[in-house]
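Please read the structure below before turning to the comments.
What follows draws every value from the coordinates through simple rules; no lab data is involved. In this text, all values refer to a predicted model and were calculated from it rather than measured experimentally. Please note: Cβ atoms are built from the backbone with ideal geometry, for glycine as well, and neighbour counts cover all protein chains shown.
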Amino acid sequence: MKTRTVIVDDHTLFNDGLALILKESDLFDVVGQVYDSRQAMYTCQRMVPDLILVDYNMPHLNGLDVVAQLKTLSNKPRIVIISMYAQKKELSLFSAAGVDGYMAKTTPSAELTANLQKIMAGSRILSEGGQQKESRVKDFFALKHKLTKREYEIVLGLKDEKTTEQIAQDMGLSYLTVETHRKNINAKLKLTSKQAFYDFLQSL
């Protein structure tokens, strides 16, 4: 299934070019293109995308303002900033805003689509000055708690407020298999109640 994607960028040429790149990859379905940042929230509420690509430097509402609005969407889409700004200051702001990734507008198209696939699979990717820096949070967290790759993917799904049924469908597993993984996760994290587990998820 293709990833439903919305692009928010006031530069028409870049917005249209990015849409073309994504469509040609045959992995993404561009369901909306927003050229005025004030329309981003409305469009995303209407189109319910899985992935939203947001420019940083825009008139009216900048990228961080848009991200703050988009973070309230009930379907919890992945949000990635794509911009020319890639200094440590901006990266810190993007990270604090809780985006799932940042990539420079100079990123080659093949690398862009590959990174977006990784982000949709649960990675968090930041790039500075054209050099990719994949977040080590995932590896550290999984290693610290001795979680398998599949267990960590389930944790990410639960953090995104997905039900066991939704996670099972996304991962191509049975309901009982996901429930078994959840029990193993609880044991490894030493959590003894559902509330303790959800409190833990909120801390991630």
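For the reader, a short list of remarks on this structure follows.
- Other residues whose C-beta falls under 15 angstrom from the C-beta of L27 contribute a net charge of 0, scoring Lys and Arg +1 and Asp and Glu -1.
- Sum of side-chain charges, Y56 neighbourhood, beta-carbon under 13 Å (Lys, Arg +1; Asp, Glu -1): -3
- Over the chain: helical MRE at 222 nm, DSSP H runs n ≥ 4 each giving -39500 (n - 2.57), nearest 500: -15000 deg cm²/dmol
- When each of K89/K146; K76/K149; K2/K188; K71/K190; K149/K194 is checked by Cα-Cα distance, pairs over 26 Å: K89/K146; K2/K188; K71/K190
- R0 of 45 Å, Cβ-Cβ distance K190-D36: FRET efficiency to nearest 0.05: 0.40
- Taking every DSSP bridge with both residues inside the chain, close to 15 percent are antiparallel.
- Whether the stretch 1-101 is rounded, prolate or oblate, judged on the alpha carbon gyration tensor where a/c under 1.5 counts as rounded: rounded
- Projecting the Cα positions of M120, V99, G157 onto the charge dipole of the chain (unit charges on Cβ atoms of Lys, Arg, Asp and Glu, taken about the Cα centre) puts G157 furthest along the positive direction.
- Hydrodynamic radius of the stretch 59-116 per Kirkwood, over alpha carbon pairs, in Å: 12.2 Å
- Sequence-separation-based contact order of the chain, relative, with Cα cut under 8 Å and 6+ spacing, percent: 12 percent
- Descending principal axes extents, the chain, alpha-carbon based, whole Å: 51, 33, 30
- Computed on the Cα atoms alone, the convex hull of the stretch 1-51 gives a volume of 52 cubic angstrom per residue.
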